[in-house]
Amino acid sequence: MKIIYKICMVIELLQLSVNNGYDEYNMLQNIEKSENGFTNEVKGMPFDEYKQWLKKEDDYSKSQNLPDNWIPQTTFFLNIDGIPVGIGRVRHYSSEYLEQNGVGNLGYGIAKPYRGKGYGNILFENLLIKCKLLGYKRIKLFPYINNISTNKIMLKHGAKLLGTINDEKHIYEIEI
């Protein structure tokens, strides 16, 4: 007799909240400050400053208290079975200036203990849905050429290679 187990997991993409706590904070300690183009200001930050950072990021999602020339962006946490494993950000609209400087419409990072499990793909898929809900018809992305896993994820989702920047980054476009 053959026994087959079907394993299910609960996948949630949760918008950042000022009420986020130690679970998200601890996960962010496992993503470098600048890793493959994704910026993580929380790495090494004391917890009380993290709580202030949450407020700032929440404001940015509401187009409040933005630094000059900044685009509103919303930050999300990917939870698997209630455990935060990654973070993603979606800009609310495009900017020619950012694109000319190799900055895309979304970015994401997976904490080191959770890499290699397909969570980057899950997070990316969910961020594409958020882009569509914001009205994007297409997005531009600029992953580093040597970031093999991100490049594979983007190609899997229909990314078209438009070129490169300084032999460091690919320029991809994805129609949503």
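The table for this structure:
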read-out	value
Residues of region 93-118 satisfying the condition of being part of a strand (DSSP E or B) and more than 8 Å from the chain's Cα centre (by Cα)	Ile110
Any chance Leu66 is over 17 Å from the mean Cα position of the chain (by Cα) and loosely packed, with under 15 Cβ neighbours inside 10 Å	yes
Residue among Leu78, Leu123 that is touching a Gly at 6+ places or on another chain (Cβ under 6 Å) and in a helix (DSSP H, G or I)	Leu123
Total residues in region 61-83, condition more than 26 Å from Asn121 (Cβ to Cβ) and among the aromatic types (Phe, Trp, Tyr)	1
Residue in region 90-97 that is under 23 Å from Arg138 (Cβ atoms), out of contact with any Leu (no Cβ under 8 Å at 6 or more places or on another chain), among the acidic types (Asp, Glu) and exposed (fewer than 14 other Cβ atoms within 10 Å of the Cβ) present	yes
Members of region 131-176 that are within 16 Å of the chain's Cα centre (by Cα), surrounded by fewer than 18 Cβ atoms within 10 Å (Cβ to Cβ) and of a type in the set (D, E, K, R)	Lys132, Lys152
Members of region 24-39 found to be under 15 Å from the mean Cα position of the chain (by Cα) and in a helix (DSSP H, G or I), listed by number	Glu24, Met27, Leu28
Matching residues, region 130-164, being among the hydrophobic types (A, V, I, L, M, F, W, C) and in contact (Cβ under 8 Å) with a residue 60 or more places away in the chain	Phe142
Failed criterion for Val90 (all others in (1) assigned to a loop (DSSP other than H, G, I, E, B); (2) touching a helix residue (DSSP H, G or I) at 6+ places or on another chain (Cβ under 6 Å) hold)	(1)
Only listed residue being in contact with a Pro (Cβ under 7 Å, 6 or more places away or on another chain) and either modelled with pLDDT of 95 or more or closer than 19 Å to Gly109 by Cβ (or both), chosen from Asp23, Asp48, Asp58	Asp23
Number of positions in region 40-54 that are exposed (fewer than 14 other Cβ atoms within 10 Å of the Cβ) and not in a loop (DSSP other than H, G, I, E, B)	4
Selection count where residues are in contact with a helix residue (DSSP H, G or I) (Cβ under 7 Å, 6 or more places away or on another chain) and over 21 Å from Phe77 (Cα atoms), scope region 130-155	1
All positions within region 31-59 that are in contact (Cβ under 8 Å) with a residue 12 or more places away in the chain, in contact with a Phe, Trp or Tyr (Cβ under 8 Å, 6 or more places away or on another chain) and either within 19 Å of Arg91 (Cβ to Cβ) or of a type outside the set (Ser, Thr, Tyr) (or both)	Ile31, Asn36, Gly37, Phe38, Glu41, Val42, Phe47
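The values are calculated or read from the model by the stated rules, or taken from the named source; none is laboratory data. Given the structure is predicted, the values throughout are model-derived calculations rather than measurements. Glycine gets a Cβ as well: all are built from the backbone with ideal geometry, and neighbour counts include every protein chain shown.
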